[in-house]
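Trainee: Pasting in a structure now, in structure tokens, and then I'll have a few things to ask.
Readers should treat all values here as calculations from the given coordinates under stated rules, not as data from a laboratory. Not measured: the values here are computed from a predicted model. Heads up, the Cβs are rebuilt from the backbone with ideal geometry, glycines too, and the neighbour counts pull from every protein chain shown.
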Amino acid sequence: MALLKSPSRAQNIGVVLAAIFYIVAGTMHFIKPDAYLRIMPPYIPWHLVMVRISGGFEILGGLGLIVPRTRRAAAWGLVALLIAVFPANVFMATNPIDAGATSIASVLRWGRLPLQLLLVWWLLWCTRPRLAFR
């Protein structure tokens, strides 16, 4: 029979760090929206609205990670958000002049793309249930 165990210490630390990361990142969408506006692909409408919506969802997701009952759902919501904002990261990597990213080294612009996978893994790892078998 499988029983749920409490998250490991590493998972608890990981989820707290993730919550802080997403709350701060989401807040930055409101404090310094220009950085996010520049990397918006031209085919996406309502740039400022989209930046604020994504920032709001980052904040909500980060807060959701703090609450054990909503932790896993918040993680999946943030995974969906990471997928939704991926085109902006691609646009920044492929159009550094238009994205105002010429001062960022090419390796860092392109490095953001696989970093998204690491962020997805981090969210799912630190919120996954641990099973104990008896």
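Trainee: Can you tell which of 77, 10, 108 lies farthest toward the positive end of the dipole of region 10-125, using +1 and -1 charges on the Cβ of basic and acidic side chains (Lys, Arg; Asp, Glu)?
Mentor: Value: 10.
Trainee: Related question: When you count, for each residue, the other Cβ atoms within 10 Å and take the mean per peptide, how do 111-118, 92-99, 29-36 rank with the highest first? Could the numbers behind the result be given before it?
Mentor: Numbers: 111-118: 12.6, 92-99: 16.1, 29-36: 14.1.
Result, highest mean first: 92-99, 29-36, 111-118.
Trainee: In addition: Based on DSSP H runs of at least 4 residues, each adding -39500 (n - 2.57), what is the mean residue ellipticity at 222 nm of the chain after dividing by all its residues, to the nearest 500 deg cm²/dmol?
Mentor: -24000 deg cm²/dmol
Trainee: If the only charges are +1 at each Lys and Arg Cβ and -1 at each Asp and Glu Cβ, what is the size of the charge dipole of region 10-125 around the Cα centre, to the nearest 20 debye? List each step's numbers first, then the result.
Mentor: Values: 8 positive and 3 negative charges, 46 e Å.
Using Cβ point charges on Lys, Arg, Asp and Glu, region 10-125 gives about 220 debye.
Trainee: Right, here's the next one. Could you calculate the contour length gain from residue 70 to residue 13, that is, 0.36 nm times the residue separation minus the distance between their Cα atoms, to one decimal place in nm?
Mentor: Working: separation 57, 0.36 × 57 = 20.52 nm, distance 1.68 nm.
Here the segment from residue 70 to residue 13 would lengthen by 18.8 nm.
Trainee: Continuing with this model, one more query. Report, in whole Å, the centroid distance computed from the Cα atoms of region 107-121 and region 74-93.
Mentor: 10
Trainee: Based on C-alpha coordinates, I'd like the Rg and Dmax of the chain, in Å.
Mentor: Reported Rg and Dmax, both Å: 16.7, 59.
Trainee: Set the Förster distance to 22 Å, then compute FRET efficiency between residue 20 and residue 103 from the Cβ-Cβ distance, nearest 0.05.
Mentor: Values: r = 27 Å, r/R0 = 1.21.
E(calc), rounded to 0.05, equals 0.25.
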